[in-house]
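The values are calculated or read from the model by the stated rules, or taken from the named source; none is laboratory data. None of the values given here were measured: they were computed from a predicted structure. Glycine gets a Cβ as well: all are built from the backbone with ideal geometry, and neighbour counts include every protein chain shown. Quick note on the areas: whole protein, heavy atoms, side chains included, nothing else; ligands and nucleic acids left out. Shrake-Rupley method; radii C 1.70, N 1.55, O 1.52, S 1.80 Å.
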Amino acid sequence: MQEYRALKRRCFGQDGNSLKCFCIVAVKKEDKNVRRTVLNSVVVTLDLSIRQFVQGETYPGEVKRCPVLASQKPHDAHKYAYVANVCVAKFARQQGVATNMLYSATDMANSIGIKQLFVHVNAENKPAQELYKKTGFKIVDAAPSLTGKELRLLMSMELR
């Protein structure tokens, strides 16, 4: 329920940073005579939000220590995409569905003119790091999580 509320805030622009938010869901094709709930049919989900850097940021959450003067860049140059909540059902892991979902998200971001894509991942989550690296992300920063218990990596991908 907590994640549903967070997604709702992002999608309605109530988190103060999202300009647009997309929740991409892939479901499995069901056999004709099998009835399943929607939740049992979900294979992978991914949230993609279009955000804008605040003054002084060069990546999400980072603020420069020096004052920043008005930028000569066009307004759209301050926008970026952020991937969150990539979840793959256990039965569908290691089959390329998350990779395909990330490629779809990068295509979507690229089609609306976004040039940079970010994602946070826990430093201990090696499978997720490998997934992001395989699709073109590189580590740009490491910082403690909000709880301070684990290290989170910020990864970035430049889009063309």
Counting Lys +1, Arg +1, Asp -1, Glu -1, what net charge surrounds Thr106 among other residues with beta carbon under 15 Å of its beta carbon?
+3
Accessible area in the full protein assembly, largest first, 1.4 Å probe, for Phe118, Phe22
Phe22, Phe118
Tabulate in residue order the Karplus-calculated ³J(HN,Hα) for the stretch 80-91, using 6.51 cos²θ - 1.76 cosθ + 1.60 with θ = phi - 60°, rounded to whole Hz; enter x for Gly and Pro.
8, 10, 10, 9, 9, 6, 7, 10, 10, 4, 4, 5
May I ask you to evaluate 6.51 cos²θ - 1.76 cosθ + 1.60, the Karplus curve with θ = phi - 60°, for each residue of the stretch 99-112 and list the ³J(HN,Hα) values in order in whole Hz, giving x for glycine and proline?
4, 4, 5, 5, 4, 5, 5, 5, 4, 5, 4, 4, 5, 9
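Quick one: with all protein chains in place, what share of the accessible area of the stretch 94-135 is carbon or sulfur, to the nearest percent (1.4 Å probe)?
47 percent
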To the nearest 10 square angstrom, what accessible area does Ile139 show with a 1.4 Å probe?
80 Å²
Restraint check, Lys28/Lys134; Lys28/Lys79; Lys29/Lys79, Cα-Cα greater than 26 Å
Lys28/Lys79; Lys29/Lys79
Of Thr106, Thr147, which has the most accessible area and how do the rest follow, probe 1.4 Å?
Thr147, Thr106
